[in-house]
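Enquirer: Just passing along the structure, written as C-alpha cells.
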C-alpha cells in the first residue's frame, strides 16, 4: 500500500509543483524580459571510430512509444539483447539480470557493460543490473554496441556495451508519467528542474508495484506457489553548472529500494542502492580538443532467501538465507579527444574501479532450521588505459587502431563457515591474492563505396575478470545448486566482424553483419552431480531431483553469428523495422568436461527476431505493433533439457491530448502466450509473465 501512496505522490504532488515552478520567472529583467537558461548537461559527441562498429540506436521516440513496461523490455527489440534467462527483470531474481549480447553465453553476471552518462551501472558484487532503478522515462536514448573489444570500456565489456543517456533536464520544466494495469500494476515517474543563477537543479522520483504473474504453469502449480510480487521506488537529484564557457560539471546522487517475491513465499529478495557521481565535460566543437571526466561511488545492500519445494509443491523450506550481502564500489574514468591534422584524430583515456563485498548467509537446513553460517567475499580492483588513432584516409575511407593495457588484482578473499549453535569454526579459508595484466587491441576499416553503400570490418580482443559473486557466492534455484569457485581465471575474447550498410536516402536502410568470436576460459555453470547425496569434493548435499553445478572455466567457446537490421517507410506515416540474429555458440574445448565439446551454450537461442510497425494514424493518434520471437534453446550445459520456441506480440496506442499531455494504452504478451524460461531436472517448468495491459498519461509542463 505504501508504494501506491508513493506513486500517487510522485504524479500528484511533484507535477503540480513543477507547474508552479514554470509559471514563476526564474530570472527577471524589466527591459529584456525573462532570460532563457540553456541546458548545460553537455556530453561528448560520438567518437570518430564509432561508425566502424555494429551499433543499434534506440531513440527517445522508440523509448516513449514502446509497449515495454521496463527498460530491459524495451531493449529486447534488439535481438541478442537479453538477461540470463528469458524472464524480464520485473519477474526475475536480481542476480540473473546481467546483460548478454549476440548470445555469447548468458550468465547472471553478464558480459556487457551498461553505462548511464558515462557511469558504470553494473553491480559491484555480481555484475548484474538493477533495472528497476533505470525507468525508461528517465532515459533519452540508448546505444547498443555489439562487440567492439578494447577501447574506452575495458573490463566487463566483453560482448559489448550499452550506453544510456539520461533525460535532458531543461530549467523551469517538468514531466510526469503514470500508468496502471491488471495484476494490480502501478508505475509512476516524475521530474522537475529549476534554474538558479547559472546552474540547473533537477530531481526525479519513480515507484512501481505489481502483484505479477505466477512463475509455474497452472498444471504444475501447488499451494506453495505465489505470484512474482515486485515493489520498489527510487529518486535522484542533480545540479549542473558551468565552470567556463566550454566546461560544465554535473553532480548527481540517487537512491533506490526494490523487493521481489520470487514465486514462493519464503523466496524473497531485497536490495538498496545509494550512489553519487561527478562529471566534467569540456567541449568547444568538433575541431577542438575535448574531454570528459567521471568519478563515482556506490554503496549497496542485498539479501535473498532461496527455498526448496517438495514434489507436491505443498511446502517450501528455506535452504539458503543470504541475510546480508553488502557491497561497495568507487572509481573514475577519463577520455580525451584531440583532432590532429589531415583527418587524423586521437582518443585516449584511463579508468579504475575498486569493488568489495561479502556474502553472509545461513545454510544447511534439513527441516528443523539452519545449522551453519557462512561468510565469503573479498576485494578487487581493475585499472586500464587506452589509446586510439582514427584516420580519414580519404573522404570515403576511415581506419582506426587502438591498444589497451589493463591490470587487475583480487585480494582479501576469504570463506568462513561455522556451526550456528555454538559458533565453532568448520573452515576458515584465507585465499592468496591474485593479479595480472592483459593487453588488448582493435583495428577497423570502413569504406563508403557509394553514397548509399558502405562496408566495414573490424578485429578485436577483450577480457573480463570474474566477479566477486562468481568467486565467492553460491546460489540455489529450487533444488538446483550452483557453487562458487575461487580458482576462476579471467575470460578473454578474440573476434572479428564484417558488415555492409545500405542507406537509400529516403528513409530505407539495411545492415548485415557476420561475426566470429573465440571465447577463452569462459565462465559457465558446469554440472558436477545429478544424483542425490553429499558431494565429497565440494561438501554440498544434493537433494532428490536436484543438480549440483559449479562455476568453472571452459577452455574455449566458438561463436558464429549473423545480424540483420532493416527499416523502411511503408507509407508517409508508417515505418517497418525488422531485425534478426542467428547465433551459434558452442563448446570447442573442455579438458575437464570432454562430454561438453560440441554442445550449444545454455540459455542461448539459435534464432531471434523482432518485427515492428509504427504508425502515425493522424496528427494525434499513434499505434505501435511489435513481435518478438526466439527458437528452442537449452536449459543446461549437458543439452538434455530444452525450452520451447516462442512468438510474443505487444501493442501500444497513444493519443496526443494537447501539447502537454499524451494518453496511451499498452499490451504486453497480447495473446497470452506461454514463454518457457526454465525447466528443472524433474521437468518442473518456469514461465514468463502472462498478458499485461496498462493505461497511462504522460505530461510535460
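Enquirer: Can you name the strands (runs of 3 or more DSSP E) wholly within segment 524-587 that have at least 3 residues being at pLDDT 90 or above?
Expert: Passing ranges, in order: 547-571.
Enquirer: Take the conditions buried (at least 24 other Cβ atoms within 10 Å of the Cβ) and within 19 Å of residue 57 (Cβ to Cβ) and apply them to residue 112. Does it pass?
Expert: The answer is yes for residue 112.
Enquirer: While we're here: Given the structure, is residue 155 under 19 Å from residue 72 (Cα atoms) and either modelled with pLDDT under 95 or in contact with a helix residue (DSSP H, G or I) (Cβ under 6 Å, 6 or more places away or on another chain) (or both)?
Expert: No, not satisfied.
Enquirer: Still on this structure, I have one more. Kindly evaluate residue 104 against the criterion of being at pLDDT below 95 and out of contact with any helix residue (DSSP H, G or I) (no Cβ under 7 Å at 6 or more places or on another chain).
Expert: yes
Enquirer: Quick test of your reading of the structure: residue 638 fulfils all but one of (1) assigned to a loop (DSSP other than H, G, I, E, B); (2) within 23 Å of the chain's Cα centre (by Cα). Name the failing condition by number.
Expert: So the condition that residue 638 fails would be (2).
Enquirer: Of the residues in segment 269-292, how many are under 29 Å from residue 220 (Cβ atoms) and surrounded by fewer than 18 Cβ atoms within 10 Å (Cβ to Cβ)?
Expert: 1
Enquirer: On the basis of being touching a helix residue (DSSP H, G or I) at 6+ places or on another chain (Cβ under 7 Å), surrounded by fewer than 24 Cβ atoms within 10 Å (Cβ to Cβ) and touching a residue at least 60 places away in the same chain (Cβ under 8 Å), does residue 207 make the cut?
Expert: no
Enquirer: Which residue is farthest from the chain's Cα centre (by Cα), if the candidates are limited to segment 395-415 and must be closer than 19 Å to residue 458 by Cβ and in a strand (DSSP E or B)?
Expert: Ranking the candidates gives 397 first.
Enquirer: Keeping to segment 588-605, report how many residues are buried (at least 16 other Cβ atoms within 10 Å of the Cβ) and either without any contact (Cβ under 8 Å) to a residue 40 or more places away in the chain or not in a loop (DSSP other than H, G, I, E, B) (or both).
Expert: Summing the residues that are buried (at least 16 other Cβ atoms within 10 Å of the Cβ) and either without any contact (Cβ under 8 Å) to a residue 40 or more places away in the chain or not in a loop (DSSP other than H, G, I, E, B) (or both) in segment 588-605 gives 4.
Enquirer: Among the residues of segment 535-544, is any surrounded by 16 or more Cβ atoms within 10 Å (Cβ to Cβ), within 28 Å of residue 605 (Cβ to Cβ), touching a strand residue (DSSP E or B) at 6+ places or on another chain (Cβ under 7 Å) and in contact (Cβ under 8 Å) with a residue 60 or more places away in the chain?
Expert: No, segment 535-544 has no match at all.
Enquirer: Show the residue pairs meeting these rules: Cβ distance below 6 Å; 6+ apart or different chains; first residue within segment 498-509 and under 17 Å from residue 579 (Cβ atoms); second residue part of a loop (DSSP other than H, G, I, E, B) and modelled with pLDDT of 95 or more.
Expert: Hits for this filter: 502/452; 503/452.
Enquirer: Next question, about the same structure. Just to be sure, is residue 519 part of a loop (DSSP other than H, G, I, E, B), in contact (Cβ under 8 Å) with a residue 60 or more places away in the chain and within 24 Å of the chain's Cα centre (by Cα)?
Expert: No; evaluated as a whole, the condition is false for this residue.
Enquirer: If you scan segment 297-325, which residues turn out to be surrounded by fewer than 21 Cβ atoms within 10 Å (Cβ to Cβ), free of Cβ contacts under 8 Å to residues at least 60 places away in the same chain and within 19 Å of residue 123 (Cβ to Cβ)?
Expert: Once the filter is applied, which keeps residues that are surrounded by fewer than 21 Cβ atoms within 10 Å (Cβ to Cβ), free of Cβ contacts under 8 Å to residues at least 60 places away in the same chain and within 19 Å of residue 123 (Cβ to Cβ), segment 297-325 yields 297, 299, 301, 303, 323, 324.
Enquirer: When segment 674-701 is examined, which residues are found to be surrounded by 14 or more Cβ atoms within 10 Å (Cβ to Cβ) and part of a loop (DSSP other than H, G, I, E, B)?
Expert: The answer is 674, 675, 680, 681, 684, 688, 689, 690, 691, 701.
Enquirer: Quick one: is residue 615 crowded, with 21+ Cβ neighbours inside 10 Å and touching a residue at least 24 places away in the same chain (Cβ under 8 Å)?
Expert: Taking the combined requirement at face value, the residue does not satisfy it.
Enquirer: Return yes when residue 450 is closer than 30 Å to residue 495 by Cβ and assigned to a loop (DSSP other than H, G, I, E, B) and no when it is not.
Expert: Criteria met by residue 450.
Enquirer: Here's a follow-up. Considering only segment 594-602, I want to know if a residue exists there that is closer than 30 Å to residue 482 by Cβ and in contact with a helix residue (DSSP H, G or I) (Cβ under 7 Å, 6 or more places away or on another chain).
Expert: No, the conditions are met nowhere in segment 594-602.
Enquirer: When segment 395-422 is examined, which residues are found to be touching a helix residue (DSSP H, G or I) at 6+ places or on another chain (Cβ under 9 Å) and more than 26 Å from residue 353 (Cβ to Cβ)?
Expert: Hits for segment 395-422 are 398, 399.
Enquirer: Can you find a residue in segment 81-89 that is in contact with a helix residue (DSSP H, G or I) (Cβ under 7 Å, 6 or more places away or on another chain) and assigned to a helix (DSSP H, G or I)?
Expert: There is at least one residue in segment 81-89 that is in contact with a helix residue (DSSP H, G or I) (Cβ under 7 Å, 6 or more places away or on another chain) and assigned to a helix (DSSP H, G or I).
Enquirer: Can you tell me which residues in segment 264-291 are under 24 Å from residue 305 (Cβ atoms) and either under 22 Å from the mean Cα position of the chain (by Cα) or modelled with pLDDT of 95 or more (or both)?
Expert: 268, 269, 270, 271, 272, 273, 274
Enquirer: Testing residue 650 on (1) over 30 Å from residue 308 (Cα atoms); (2) surrounded by 21 or more Cβ atoms within 10 Å (Cβ to Cβ); (3) in contact with a helix residue (DSSP H, G or I) (Cβ under 8 Å, 6 or more places away or on another chain), one condition comes back false. Which one is that?
Expert: Just one mismatch for residue 650, condition (3).
Enquirer: Considering 212, 191, which residue is in contact with a helix residue (DSSP H, G or I) (Cβ under 9 Å, 6 or more places away or on another chain), outside any strand (DSSP E or B) and either surrounded by 21 or more Cβ atoms within 10 Å (Cβ to Cβ) or free of Cβ contacts under 8 Å to residues at least 60 places away in the same chain (or both)?
Expert: So the residue among 212, 191 that is in contact with a helix residue (DSSP H, G or I) (Cβ under 9 Å, 6 or more places away or on another chain), outside any strand (DSSP E or B) and either surrounded by 21 or more Cβ atoms within 10 Å (Cβ to Cβ) or free of Cβ contacts under 8 Å to residues at least 60 places away in the same chain (or both) is 212.
Enquirer: Could I ask something else about it? Can you tell me which residue among 404, 416, 372, 353 is closer than 22 Å to residue 123 by Cα and either surrounded by fewer than 17 Cβ atoms within 10 Å (Cβ to Cβ) or in contact with a strand residue (DSSP E or B) (Cβ under 7 Å, 6 or more places away or on another chain) (or both)?
Expert: 353
Enquirer: In this structure, does residue 622 turn out to be in a strand (DSSP E or B), under 15 Å from residue 106 (Cβ atoms) and in contact with a helix residue (DSSP H, G or I) (Cβ under 9 Å, 6 or more places away or on another chain)?
Expert: no
The values are calculated or read from the model by the stated rules, or taken from the named source; none is laboratory data. Keep in mind that what you see is a predicted model, and the values were worked out from it rather than measured. In this analysis, Cβ positions are derived from the backbone assuming ideal geometry, glycine residues included, and neighbour counts consider all displayed protein chains.
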